[in-house]
Structures are given as structure tokens and as C-alpha cells.
Amino acid sequence: RAKSAGGNRYERADPEADARAITRHGLTTALPAALDRGEFFIEYQPLVHLGDGTVHGAEALVRWCHPQHGVLGPDRFIPLAEHTGLIVPLGRWVLDEAVRQARFWKHRHADGGPLRINVNLSPTQLHHPGLVGDITDVLDRSGLAPGALCLEVTESALIGADEDLLKPLRQLAEMGVDIALDDFGTGYSNLANLRRLPVSVLKLDRSFTRGMQQHPADPVDMKIVEGIVSLAHSLELAVTVEGVETAAQAEQLRALGCDTAQGWYYARPGAPDRIHSLVLADAV
Ligand code: C2E
Ligand code: MG
Ligand code: MG
Ligand code: MG
């Protein structure tokens, strides 16, 4: 219920909504200083091979340790950073930090196989003209091979994408960087469109994984996953599944041909040391 109080001012009779708006405003204005003060940090969540359970890589997930509100998840501030454009320097920081971490893991596990790092990119970053240059710089400075980096872009960010938007992704793919289509299955993209996109990985959204939690698994979800996996593999795309919380889900998704998985069943997002010890555990 909004009532005009003259001019373009509105009075609202919803104190909770007002409180949320005030918090949002406060968080938005605090973002730039938070970046300068180093209040952001990254948690890493392992991606494992469904075949043998070994660690394939890790996804970098940003958090904000806010002096008053405590640790805030990305859903609380990424949309605000997107809106103000702060996502560009923040995203650059995440990329730099995550790539350096991955380089460090490689160094610690010279024979530790291909430990890869996944970093999320938001739509504003995709539209930013400095994207390819920033990523090239970060890789050059760290010495990480482009093939060890995977950029996650949501399916919805690429729906209806024109050549201008795809060009930087194509350049990155040509450099050897992997591009993953995140939250796949939640948008309504034309499956035939996949051929046009420079992606090499599909990340199936958690909503599909949820259907595998029931006993017996939801037969419709199973058919859908089976169909997506077969289409993806025929296009030479790998399939990762998100949100695996139980052994039964993992087994079902493995049987359906998914390649890698991520979820609380394996590990929650955590400090970088955790990835290190998981890789060491594989090695013994
Ligand atoms: P996403 O990329 O789809 O990341 C997966 C989300 O699922 C993460 O939430 C993760 O903590 C959560 N998750 C993982 N396993 C499970 C599970 O088994 N069960 C359940 N219920 N959840 C699970 P988180 O960390 O809150 O991140 C939310 C979203 O914020 C991410 O979704 C991503 O889109 C965005 N995000 C995170 N870090 C960044 C970043 O550095 N840059 C940008 N642009 N976006 C980011
Ligand atoms: Mg992601
Ligand atoms: Mg995802
Ligand atoms: Mg998701």
C-alpha cells in the first residue's frame, strides 16, 4: 500500500519493508569502503568426480564480513554491487584472489593432478569492456594455466545474448579458459542455442538434484536429467550437478551419467585449507 504524499515522495505503511530498504541502502553505500578495508573473503567448495569421488576443483564463493551485520552471503550484496557497478572491481578482486589460491594449490600438489578453480561472473562483468584484459592480466601475473580456470555464467545472463556479448567469452574460450553455464535448466533457453554458445560445461541447477532426493527418485526429473546429459555429451559438454546433499542423490546422478558434482554431501563451502586437505586425502 503506497500513498502519494506530494511530489515523488511515498509514505509506506509497511515498517518491515522500510527497514529492509534502509538496510539495503546502508549496505549499498558501505560496499566501496568494504572493498578497500578488505571485508570480503572467499569460501571454496569442492567439485568432485562422480566416478571416483576425487576432487576435480573448487568454486570460489564470495562473502562479506560486515562489521555490524556479521557474515553476509552473496545473495545479500551481489545484486547491490551489480546495480551500482561495484561488481566490476569486486569481481576483479575475487578473480585475482581465487586464481592466486589455485596457483598455490597447484604449487603444493605438483603431482596433484588438475585442480581447477571456478569463478562466477555476473552480467555487468560480461558487459564490461575490460573483462578479457583483466582475466589475461590475472592469469599472467599468477602463472596459472588458462585451462585451470572455469568462468561460471548463468544461463539467464546469456538468454538472447548477441554476438557483442558472446565475443569476449569466445576470446576467453579460445585462450583455453572453460566457460560453464550456471543454474542450467532454470531459464527457458532454447536448447538448440547451446551450439552457438562458447561453453564447455553445463551446471545443472539444484532444482533437478532435489528430485533425486526422494525414494524412489522423481521419474520425470530423472528423464529430464537423462535427456540433458545425453544432449550435453553429444555436444561435447561436461555436466556438473549442484546441491548434492545425500549419497542416494550422488549415486542416482552418477548412474544418469553426470560427470562432476558439488554439494553439502561432499563438503560445504569453507576455508581454502579444507580443499588442500581433501586433495591430500585423495592422494593417500
Ligand atoms: P551458484 O554459483 O549457483 O553457487 C551455488 C550456491 O549453492 C552457493 O550459494 C552454495 O553455497 C550453495 N550450495 C552448495 N551446495 C549446496 C547444497 O548441497 N545444498 C544447498 N542447499 N546449497 C548448496 P552461495 O555461496 O550463497 O552463493 C549464491 C550465489 O551467489 C551463487 O550461486 C552465485 O551465483 C553468486 N556468487 C557467489 N560468489 C560470487 C562472486 O564472486 N561473483 C558473482 N558475480 N556471483 C557470486
Ligand atoms: Mg556458480
Ligand atoms: Mg550454480
Ligand atoms: Mg544454483
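The values are calculated or read from the model by the stated rules, or taken from the named source; none is laboratory data. Just so it is clear, the model here is predicted, and its values are computed rather than measured. Don't worry about glycine lacking a Cβ; one is built from the backbone with ideal geometry, like all the others, and counts go over all protein chains shown.
Some observations on this one:
- Search result, residues across the stretch 21-44 that are part of a helix (DSSP H, G or I), of a type in the set (Ser, Thr, Tyr) and within 24 Å of the chain's Cα centre (by Cα): 28
- Subset of the stretch 259-284 [touching a Phe, Trp or Tyr at 6+ places or on another chain (Cβ under 6 Å) and β-branched (Val, Ile, Thr)]: 275
- Each residue in the stretch 97-133 was checked for being surrounded by fewer than 17 Cβ atoms within 10 Å (Cβ to Cβ) and not in a loop (DSSP other than H, G, I, E, B), and 7 of them qualify.
- Number of positions in the stretch 107-135 that are at pLDDT below 95 and acidic (Asp, Glu): 1
- Condition met for residue 133 (on the phi > 0 side of the Ramachandran plot and either more than 19 Å from the chain's Cα centre (by Cα) or among the small types (Gly, Ala, Ser) (or both)): no
- Number of the condition not met by residue 215 [criteria: (1) farther than 30 Å from residue 126 by Cβ; (2) away from ligand 4 (no atom under 16 Å from the Cβ); (3) part of a helix (DSSP H, G or I)]: (3)
- Within the set 178, 221, the sole residue that is more than 16 Å from ligand 4 (Cβ to nearest atom) and either closer than 30 Å to residue 65 by Cβ or not hydrophobic (A, V, I, L, M, F, W, C) (or both) turns out to be 178.
- Checklist (1) free of Cβ contacts under 8 Å to residues at least 60 places away in the same chain; (2) out of contact with any Asp or Glu (no Cβ under 6 Å at 6 or more places or on another chain) applied to residue 116, failing item: (1)
- The single residue among 161, 157 that is in a loop (DSSP other than H, G, I, E, B) and surrounded by 17 or more Cβ atoms within 10 Å (Cβ to Cβ) turns out to be 161.
- Pair list, Cβ < 6 Å and 6+ apart or interchain, from the stretch 259-284 residues that are of a type in the set (Val, Ile, Thr) to residues that are in a loop (DSSP other than H, G, I, E, B): 279/109; 279/112
- Among the residues making up the stretch 180-226, those that are exposed (fewer than 14 other Cβ atoms within 10 Å of the Cβ) and either more than 21 Å from residue 245 (Cα to Cα) or touching a Ser or Thr at 6+ places or on another chain (Cβ under 7 Å) (or both) are 188, 190, 191, 192, 193, 195, 196, 207.
- Qualifying residue in the stretch 250-258 (condition: in contact with a Gly (Cβ under 6 Å, 6 or more places away or on another chain) and of a type in the set (Asp, Glu)): no
- Enumeration of residues in the stretch 45-62 that are away from ligand 3 (no atom under 16 Å from the Cβ) and assigned to a strand (DSSP E or B): 49, 55
- Among (1) free of Cβ contacts under 8 Å to residues at least 12 places away in the same chain; (2) touching a Pro at 6+ places or on another chain (Cβ under 9 Å); (3) not aliphatic (A, V, I, L, M), the one test that residue 162 misses: (2)
- Cβ-Cβ distances below 7 Å connect the following pairs, each with a first residue in the stretch 129-151 that is among the small types (Gly, Ala, Ser), a second residue that is not in a helix (DSSP H, G or I), and a separation of six or more residues or different chains: 147/176; 148/114; 148/116; 148/117.
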